Amino acid sequence: MSISIPKRLCVCLCRSQVQCLTTIWRFSRTPRLVEFFQGTLAHITDSEIDTVRIFDTTLRDGEQSPRTSFSYDEKRDIAATLDEMGTHVIEAGFPVNSDAEFESVSDIASATETTICGLARVVDTDVEAALDSGVGLVHVFVSTSDVQLADSMHASQEEAVDRAVSAVERVKDAGVEVMFSPMDATRTDGEFLSEILEAVDDAGVDWVNIPDTCGVGTPTRFARLIRKVRAHTDAQIDVHAHDDFGLATANALAGFEAGAAQAQVSVNGIGERAGNAAFEEVVMAAESLYDVDTGIDTTRITEVSRLIENASNIPVPGNKPVVGQNAFSHESGIHAAGVIENTDTFEPGVMTPEMVGAKREFVLGKHTGTHSVRKRLEESGFAPTDEEVRTVTRQIKDYGAEKERVTIDVLTRFARENGVDRKKAARSDNDDDGHDDTRPDNSNSTDSDPDHGEVRI
Ligand SMILES: [Zn+2]
């Protein structure tokens, strides 16, 4: 986003007809860098996390979202994008589920560079289907909580242990990497969890995944659980958090802090019920807040989010972290004015829209201030006076307060009603070629529908 300085009019509040020294200094100096790590959190000098591996389950847990079904082509596109982004593991599906699912998992496994994972219950047919699909990692799981053993799996603890060990041994015998999940681990009896983890450890399991299946974990408790699990396994630890209380990302990060090497995530956080820890949140928190190089190409996060939004038919809320429409948007006067001067003023600073392939937007509406209005008028080809900017701003605020969207047409109408002059260059161009000189000049706009869209800069 470039700041254009009007040639004959100061943009600060001095109302001068020429650029004042304050404004010249303000736009010529180097903006202060964000002071996040020199502020109240300055005592944190080392990252609490060393390694962050990303296991994406958008195609498995994500597709289990109610009313979501990915087509074969969508699955291939999603897997290819995640693969190109450097995702460490992609759980492509549940091969025993259907012939179509088997085919898509198998085709994805042969078409991608990264590790492809297939899910399997601790049942022979499931494990054989996963192995036959050609995946590089088989993810076997069994219920371990009393409530799920009794009323979902209808099995005893002993049966669960026996089947888990058999499944792990079968995958290891086939020479394939294996991950074991004690499903509903956070509601499982502590002693039994230790027992089953030690049993699969003895069977040679490579990865132990600790699922917070019903989303009841809290960061401190979940971290404590992961530390305990570390004492009962030699396997690498992976975590799988659900978002029933909005804690999935926090729990995944707490898992990393406690020594997990990998987290299971889904793009846009889609998945069972309230969904999973969100790919984009976990990756950007690791990169920007913990200063860990995940190896993920974060500049494609917005692209993959839109891909999943369309394919899943689950709209991304405007206020969704990282990928929501408002994640880098500003409307209120104080915030917009600050960000126009230095984006670090009211953004995290350690995360920018460019880092995730998004654009910063300044929306005009009820909360708008004069800085945004002036900027948008100028980018639309007008040369407003200070008084005209204030008048148009008042009109926009009133208009926005009626829940109306401030479109380019509306902004242009307000400018014309107030007799705002067109910029010289724009006027002479239009005079010369006969074009309608009331049309806004959008050449400097970074994002807006040309004529009828909501005004965003
Ligand atoms: Zn899940």
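Out of residues 5 or more away from E177 or on other chains, whose amide H comes under 5 Å of its own, with H placed 1.01 Å from N in the peptide plane?
V138
Sorted by mean Cβ packing within 10 Å, highest first, what order do the peptides 369-375, 141-147 take? Could you put the intermediate results ahead of the total?
Numbers: 369-375: 24.1, 141-147: 20.9.
Put in order of decreasing packing, that is 369-375, 141-147.
Of the listed pairs K320/K424; K228/K359; K320/K375; K75/K375, which have alpha-carbon separations greater than 31 Å here?
K320/K424; K228/K359; K75/K375
Each residue of region 97-106 in order: what ³J(HN,Hα) in whole Hz does its phi give by Karplus 6.51 cos²θ - 1.76 cosθ + 1.60, θ = phi - 60°, with x for Gly and Pro?
4, 6, 4, 5, 5, 4, 5, 5, 4, 4
Report the full-extension gain for the segment D291 to T218: residue separation times 0.36 nm, less the Cα-Cα distance, to one decimal in nm. Write down the numbers at each step before the final one.
Details: separation 73, 0.36 × 73 = 26.28 nm, distance 2.30 nm.
Stretched fully, the D291-T218 segment lengthens by 24.0 nm.
Hey, can you grab everything whose amide H is under 5 Å from the amide H of Y290? Only 5+ residues off in sequence or another chain; H modelled, so Pro and N-termini drop out.
Distant-sequence amide H within range of Y290: zero hits.
Pop out the ³J(HN,Hα) list for region 233-246 in order, Karplus 6.51 cos²θ - 1.76 cosθ + 1.60 with θ = phi - 60°, rounded to Hz; leave Gly and Pro as x.
Karplus values, whole Hz, x for Gly and Pro: 8, 9, 6, 6, 10, 10, 10, 9, 10, 10, 9, 4, 10, x.
Can you pull the one-decimal nm distance between simple spin-label points at D234 and T40, each 7 Å off the Cα toward Cβ?
Distance between the two pseudo-spin positions: 4.6 nm.
Please give the charge dipole size of region 236-342, origin at the Cα centre, charges +1 on K and R Cβ atoms and -1 on D and E Cβ atoms. Round to the nearest 20 debye.
Working: 4 positive and 15 negative charges, 55 e Å.
The dipole magnitude comes to about 260 debye.
Long-range amide H contacts for R53: which residues qualify at under 5 Å (H placed 1.01 Å from N, peptide plane, sequence gap of 5 or more or a different chain)?
HN-HN under 5 Å from R53: Q262, A263.
Could you sort 111-121, 346-356, 179-189 so that the peptide with the highest average Cβ count within 10 Å comes first and the rest follow in order? Please report the intermediate quantities before stating the final value.
Details: 111-121: 21.2, 346-356: 16.8, 179-189: 23.0.
Going by the mean number of other Cβ atoms within 10 Å, highest first, we get 179-189, 111-121, 346-356.
Using a Förster radius of 51 Å, what is the FRET efficiency between E128 and S47 based on their Cβ-Cβ separation? Nearest 0.05, please.
On the way: r = 42 Å, r/R0 = 0.82.
The computed FRET efficiency comes out at 0.75.
What is the percent of Cα-Cα separations in region 39-312 that go past 30 Å? Mind dumping the intermediate values first?
Values: 8551 of 37401 pairs.
Everything past 30 Å amounts to 23 percent.
Every number here is computed from the coordinates shown, using simple stated rules; none is lab data. Since the model is a prediction, treat every value here as computed from it, not as a measurement. Cβ coordinates were reconstructed from backbone atoms using ideal geometry, including for glycine residues, and neighbour counts include every protein chain displayed.
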